[in-house]
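Have a look at the structure below, then the notes.
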Amino acid sequence: MKAALTSELRKWTSTRLWWVLLLVMAAYMAFLAVVMAFSVTIEPGDAGAGATILHGTDAALTVYTLGNALGYVFPLLAGAIAMTSEFRYQTITPALLADPRRSVFLGAKLLSATVIGLAFGLVGTLSSVAAGAPILSWRGDGAYLGSSDVLVPVALSVVALAIWAFVGVGVGTLITNQVAAIVVVLAFTQFVEPIVRLGLSAVDALEGVAKFLPGAASEALVGASTYASLGMSDLLGRVPGALVFLAYGLVLALIGRFTTLRRDIT
Amino acid sequence: MISVDHLTKTFGTVRAVDDLSFTVRPGVVTGFLGPNGAGKTTTLRMLLGLVAPTSGSATIDGRAYADIAQPGRVVGAALEAASFHPGRTALDHLRVFAPQVGVTDQRCREILDMVGLSEAAKRRVGGFSLGMRQRLALATTLLGDPQVLVLDEPANGLDPGGIRWLRELLRYFAGQGRTVLVSSHVLSEVQQTVDDVVIIAGGRLVHASPLADLAAMATRHVEVASPDESALRAALDGRGWAYAPSRDGVRGFEVEGVTAAEVGAAAFAAGVELHALTQQVVELEDVFLSLTGQAAGGAVETTEVAA
Ligand SMILES: Nc1ncnc2c1ncn2[C@@H]1O[C@H](COP(=O)(O)OP(=O)(O)OP(=O)(O)O)[C@@H](O)[C@H]1O
Ligand SMILES: [Mg+2]
């Protein structure tokens, strides 16, 4: 397993695509943090109707965990691409020749993606903190960088982003066609989940279902939610949320293990 | 030793490999031959644990590939079609597999040097030519210094110099007592390299023997026809030659193991009028083509001598 893991990590470090994703994520998170930090600290007087003022740690959390709330598509894509590349370039053939144990292959892929996911978590979270904190302390109630109420969710946001990469490998294992996997990831994260979350929370009977969606579960793990802080949805508790979130990755990977990864490699 | 035992694989309705059995002995180079779609790649993928057989088995030194602990150290295998990430450099491609094979970066560099790619070590594979990819694929197989080499169409895309280099490499490996199995769809490509041949067509075994035995099947015969059939028979009998009625419907005979000149001389001496006298040469490649059912109308080379 150690050899397989080293091999997987070398696969990451010897390709460039994820670096691009990482850089784009850093820039995008910084940009969103600036926009969000201004919008949550704007005085009611100078904003029109609908502006939401957040105070204290709520404001800080909303800005600092933007990576998980809106940037999770990056590690998710990186994980999905890591697996689907093997099929796209047929590198799965030499990979399975080097070690024919397909569960080891999948396990090493999941673990290595989580390690790389941590890099996404660190970069994404740090850039939203770095861009948002000065604005919060200048215009709002402060940056709250010393408060554990803020730092724990911020640290968990790093973890959550790492798990998104893990989930991405699960997606790629199930949908081995790279283009299809990317389309599904983009469609799900950018349209389906946001719309379904808002839609479900509008219907009383289904409100409970929305918190089991992967994005909601990841926010439950972090303990901060842009949707929730804007009063738009309920979350699970931290531990149940984390379990539901992890289950997404595990279940996808397991289904993939016994379908696509059991098939002939031709 | 490689042993393929009653191996069968069906893809839906396609029977890609059909009850195939053969063995590959160490110390020689074995050519695994067959036309496109014969089932070579499918057989090798089953041998390497990538494709699950419908029935039968394929083993290396008595073990299934999946049961070999560190297979990269025992078997070096390269399958057709480039399996490279185009964004990775040649050296990084080898470094990716080095941990599982259990070799160092230094070994990766040595192997690149050995296959003539040291100049291209830091270049991305996406920009490689077909021949360079073949060399890199070969480098991957050699990483663990394996006792068994399984190569699918390794000569594809190599220039003549590359083919000669490959031939020498394979002969060198076999000379060290290793087992070498190379597939090809053209006999002439490997004719000078292999000692044994295993020929398949339509997923079935059609011939397995040392190359020399196959070469012995390459014969020459003469087609001869005369309006006076009995006089021609008498002339041929007079020389004690073996002959049979011509297969292509002409009123005449096929005479084995002689030249057209000899038959012509015999007929002339006996005063027999000839209407056809043709030297038929069957080359090794033609034997291969007829064994694999590819022999079309013009496959047998015909030399007109007289008419
Ligand atoms: N994954 C697959 N699904 C369906 N049919 C397949 C698959 N793989 C191979 N086949 C079929 O199996 C047969 C044997 O194919 P195979 O690739 O083994 O031939 P080959 O001898 O390697 O040919 P070539 O010289 O062209 O490489 C072909 O008819 C092919 O179409
Ligand atoms: Mg083939």
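Most tightly packed first, judged by the mean number of other beta-carbon atoms within 10 Å of their residues, the peptides A:119-127, B:256-264 read A:119-127, B:256-264. On the basis of the beta-carbon distance and an R0 of 45 Å, B:Arg15 and B:Asp195 show a calculated FRET efficiency of 0.90.
Once you've got the GNM for chain A with C-alpha springs shorter than 10 Å, pick whichever of A:Ala130, A:Ala98, A:Ala59 has the biggest mean-square fluctuation. It is A:Ala98. By DSSP, the beta bridges lying fully in chain B are antiparallel in about 70 percent of cases.
Comparing A:Val40, A:Val154, A:Val129 in a Gaussian network model of chain A, where Cα atoms under 10 Å apart are tied by springs, the biggest mean-square fluctuation is seen for A:Val40. Could you state the number of Å between the C-alpha centres of the range B:159-195 and the range B:25-70? Between the Cα centres of the range B:25-70 and the range B:159-195 lies a distance of 18 Å.
Net charge of the neighbourhood of A:Gln178, taken over other residues with C-beta under 10 Å away and scored Lys/Arg +1, Asp/Glu -1, is 0. A Cβ-based charge dipole, computed about the Cα centre of the range B:147-219 with Lys and Arg at +1 and Asp and Glu at -1, lands at about 100 debye. In terms of Cα atoms, the Rg and Dmax of the protein assembly as shown work out to 34.2, 126 Å.
In this simple spin-label approximation, A:Ser137 and A:Thr259 carry label points 7 Å from Cα along the Cα→Cβ vector, and these lie 5.0 nm apart. Measuring r between the beta carbons of B:Ala270 and B:Asp213 and using R0 = 45 Å, the FRET efficiency lands at 0.75.
Annotation: lysines with alpha-carbon distance below 22 angstrom to B:Lys40 (same-chain offsets under eight excluded): B:Lys9.
Hey, any idea what Rg/Rh is for the range A:56-118, computing Rh the Kirkwood way over Cα pairs?
Rg/Rh for the range A:56-118 comes to 1.21.
What the Cβ-Cβ distance of A:Leu23 and A:Gln190 gives, at R0 = 22 Å and to the nearest 0.05, is a FRET efficiency of 0.65. The long axis of helix B:160-175 is offset from the longest Cα principal axis of chain B by roughly 80 degrees. Out of B:Ala244, B:Phe84, B:Gly293, whose Cα points farthest toward the positive end of the dipole of the protein assembly as shown (charges: +1 Lys, Arg; -1 Asp, Glu; placed on Cβ)? Value computed over the given set: B:Phe84. Here the Kirkwood formula puts the hydrodynamic radius of the range B:2-213 at 17.4 Å, using every distinct Cα pair. At a probe radius of 1.4 angstrom, the accessible area of the range B:2-213 per residue rounds to 38 square angstrom.
What is the dipole size for the protein assembly as shown, taken about its Cα centre, with +1 at each Lys and Arg Cβ and -1 at each Asp and Glu Cβ, in debye to the nearest 20?
In total the dipole reaches around 1640 debye.
Contact-buried residues of the range A:59-105, at a threshold of 40 Å² lost accessible area versus the chain by itself: A:Tyr89, A:Gln90, A:Thr91, A:Thr93, A:Pro94, A:Leu97, A:Ala98, A:Pro100 (1.4 Å probe; DNA, RNA and ligands ignored). Applying 0.36 nm per residue to the separation of B:Gln176 and B:Glu283 and subtracting their alpha-carbon distance, the gain on full extension is 35.4 nm.
Comparing B:Ala78, B:Ala235, B:Ala98 in a Gaussian network model of chain B where C-alpha atoms under 10 Å apart are linked, the largest mean-square fluctuation is found at B:Ala235.
When all protein chains stay in place and ligands, DNA and RNA are ignored, the 1.4 Å accessible-area order of B:Val29, A:Val115, largest first, is A:Val115, B:Val29. The mean count of C-beta atoms from other chains within 10 Å of the C-beta of residues in A:257-265, rounded to a whole number, is 2. Accessible area per residue (1.4 Å probe, heavy atoms of protein chains only) ranks A:Trp18, A:Trp138 as A:Trp138, A:Trp18, with the largest value leading. With a 10 Å cut-off around each Cβ of A:26-32, the average count of Cβ atoms from other chains is 0.
The values are calculated or read from the model by the stated rules, or taken from the named source; none is laboratory data. Note that the structure is predicted; figures quoted are calculated from it, not measured. As a convention, Cβ positions derive from the backbone with ideal geometry for all residues, glycine included, and neighbour counts pool all protein chains shown. We work out accessible area using only protein heavy atoms, side chains counted, and drop any ligands, DNA or RNA first. Shrake-Rupley method; radii C 1.70, N 1.55, O 1.52, S 1.80 Å.
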